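One structure is given here, and the rest of the page talks about it.
Please treat every number below as a calculation from the coordinates, not as lab data. In this text, all values refer to a predicted model and were calculated from it rather than measured experimentally. Here Cβ is always computed from backbone atoms with ideal geometry, including for glycine, and neighbour counts include all displayed protein chains.
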Amino acid sequence: MSSEIRLAFAHPSERAIATAHEGPVDRISLRDHIVEVEIGAFQAERGTTQRVCFNVVVEVQPIVGHIDDDVDRILSYDRVTEAIATELAAERLNLLETLAARIAERILLEPQALRAFVRIEKLDRGPGALGVEIVRSRSDLDGPIQDSSQERPHPRVVYLSNDAVRSAHLGVWIDQLAADAVPLILCVGLPDGPRPTVGSPLAQRRIDLLAIEQNGWTLAAKDGRCKVVATRTELDWAMKNGQLCIWAPSKIVLDAVTGPDSNTTDTVALTTWFAQEMDARDLLVIGADAPTSATLPVRSVPIDETLL
């Protein structure tokens, strides 16, 4: 038992050796890689960064024959640090468990990788290091390992002003957009009328985002084909399965590593940021002015036009 306890707190390299399968394997390791990052499920962990320490060991298929001092023949340490950086940049996460699993799976995209040990610890949340450690192998993953980011669709994002949502043409517009064989995400702005105002910018941001989501539900009530969707995973699934989506912005905006530069009250700019985050093919704005700057094609349509 004492040996098991020691191994539980030992470096992942010792656990890798102790749990190794028969047959030779090579190992590469990353020790005490510290990154400042915003992560955590508690409200006190939002809006601030903390030190997170990564220790990773990767078991790799031994190279047969001479290496010839060729870096292209081995699994580079850079691929491990890149996996960490990529997952940290993808979105803000609440759980270390989620981050560890994503890093391990990304490492296992490498053809040489057989098994990955990932330990992540928060260094600033208490008197000691608080963390998790996981081990993943190719056999643990369902089906072939694929980089899902390469499979994401490129949707058409459509912003509907409140006048557009109230327009008698709304059903016609949705019919026209749905008839096109392009994934579709609808976005709306703040509802008309007063809403709560507070002195805290962070609290006001949440209030505004929730108000946009309420407006999204108003749109959904007008057309049963439209479903309110909040997460990137749900959006990807819905687009691949031909579902019309209405974006509920709170989670994606609040969890973004690099959020929108504009105020959340500028909902056209917010939609433009979202469209760019989704790698959308284009943005259609109905009943409002087009954004002044965008990195994707944008078209604006007045509400008195029925043809898009």
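For region 237-308, the residue among 245, 259, 298 whose Cα projects farthest onto the positive side of the dipole built from Cβ charges is 245.
Remind me, relative contact order of the chain in percent, using alpha carbon pairs under 8 angstrom and six or more residues apart?
15 percent
Take the Cα of residue 154, step 7 Å toward its Cβ, do the same at residue 289, and the gap between the two points is 2.9 nm. Summarising the label geometry, the points placed 7 Å from Cα in the beta-carbon direction at residue 243 and residue 262 lie 2.7 nm from one another.
Volume per residue for the chain equals 177 cubic angstrom (convex hull of Cα atoms). Farthest toward the positive end of the dipole of the chain, out of 198, 60, 170, is the Cα of 198, where the dipole comes from beta carbon charges about the Cα centre.
On the beta carbon distance between residue 166 and residue 95, with R0 = 41 Å, the FRET formula returns roughly 0.50.
Antiparallel beta bridges, as assigned by DSSP with both residues in the chain, represent about 55 percent of the total such bridges. Look at the alpha carbon pairs under 8 Å that are at least 6 residues apart: their mean separation over the length of region 152-301 gives a relative contact order of 30 percent. What the Cβ-Cβ distance of residue 44 and residue 81 gives, at R0 = 35 Å and to the nearest 0.05, is a FRET efficiency of 0.80.
Here the peptides 76-83, 292-299, 115-122, 208-215 are ranked by packing, the mean other Cβ count within 10 Å, and the order with the highest first is 115-122, 208-215, 76-83, 292-299.
Report, in deg cm²/dmol and to the nearest 500, the calculated mean residue ellipticity at 222 nm for the chain, where each DSSP H run with n ≥ 4 adds -39500 (n - 2.57) and the sum is divided by the residue count. Each step should come with its number before you reach the end.
Values: 10 runs with 104 residues, N = 308.
The helix contribution divided over the chain gives -10000 deg cm²/dmol.
The alpha-carbon of residue 240 sits under 28 angstrom from the alpha-carbons of these lysines, leaving out residues fewer than 8 places away in its chain: 222, 227, 251. Mind giving me the nanometre distance, one decimal, between the label points for residue 210 and residue 130, set 7 Å out from Cα along Cα→Cβ? Going from the residue 210 label point to the residue 130 one covers 2.5 nm. Stokes-Einstein diffusion for region 152-301, with the hydrodynamic radius set to the Kirkwood value over Cα pairs and evaluated at 4 °C in a medium of 1.567 mPa s, equals 84 µm²/s.
Show me the ranking of peptides 126-134, 182-190, 197-205 by mean Cβ neighbours inside 10 Å, starting with the highest.
182-190, 126-134, 197-205
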